[in-house]
Amino acid sequence: MGILEVKDVGKRFGGLKALSDVNLSVAENTCHAIIGPNGAGKSTLLNCLVGKLIPDTGSVMFDGQSVLGRSPHEINQMGISRVFQTPEIFGDLTVMENMMIPLFARRDGSYRLHAIESVASEKDLTQQAEQMLDEVNMLDKRHMHSASMSRGDKRRLEMAMCLIQRPKLLLLDEPTAGMARADTNNTIDLLKQIKEERDITIAIIEHDMHVVFSLADRITVLAQGTPLVEDTPENIKGHPKVKEAYLGE
Ligand code: ADP
Ligand code: MG
């Protein structure tokens, strides 16, 4: 039994079947990649896991509990954090100010900034944020205006904002999309480090096969809303169905 169990999930948008009969089991403390062509339903699936979309059929269990019927915030509190396809940071705020947002959210269950009870607790939160920024090599950028940073740094910040919540499951939707090669390699290194140092399960949607093969323990290939095959990276590489449907060979 995996930490994440998706059973027979289906989702329609009007006449379009975006997902059908999706079954997926993600084992605890592994990295599971979901690959597939554009429009395969990868982001839709992720949205169903975090409460942004409600599947029409099937079930989604995380850590033995159903996520269906829960709000994105409740699911986040259960231990699922997600990095979006386009970075969702607050460009007008500094790096440090962005880091405080998930900390406040965790403390009082809302995003109200007046949650600080005392100067001492604010100091404690600042320390936590600085420590996390140090882990992702961004401490020197803590006073920077977030909007002015590179795409790679925005991603790093977003990942730090997720990780500071100490999630059990980290979901990443194309974390290296549009990144320069150096930033992509930094992201691979960061994720490898996270995997080694923490009790964390990672589910990653990714186009870049170099990233997928560097990180994944298992790979699910999604095509037209349905899993085509699930296997180890070694077997996926040579799989005739995958070559045909995805790698275009
Ligand atoms: P992927 O992330 O694999 O590229 P998506 O999950 O974004 O694919 O999309 C799967 C299919 O569902 C696509 O045909 C897309 O156009 C459609 N789709 C996604 N979101 C919506 C939506 N909110 N409303 C209508 N159609 C959607
Ligand atoms: Mg997508």
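Where a number appears in this text, it was derived from the coordinates with a stated rule and is not lab data. These figures come from a predicted structure and were not determined experimentally. Using ideal geometry, Cβ is built from the backbone for each residue, glycine included, and neighbour counts are taken over all protein chains shown.
Overview of results
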item: N29 being in contact with an Asp or Glu (Cβ under 7 Å, 6 or more places away or on another chain) and of a type in the set (S, T, N, Q); result: yes
item: Filter pass, S66 being more than 30 Å from H143 (Cα to Cα), touching a Leu at 6+ places or on another chain (Cβ under 8 Å) and not hydrophobic (A, V, I, L, M, F, W, C); result: no
item: Within region 26-58, considering residues that are more than 16 Å from the chain's Cα centre (by Cα) and away from ligand 2 (no atom under 13 Å from the Cβ), the one farthest from L4 (Cα to Cα); result: D56
item: Matching residues in region 31-77 - criterion: being surrounded by 17 or more Cβ atoms within 10 Å (Cβ to Cβ), within 16 Å of ligand 1 (Cβ to nearest atom) and more than 30 Å from E244 (Cβ to Cβ); result: V50, G51
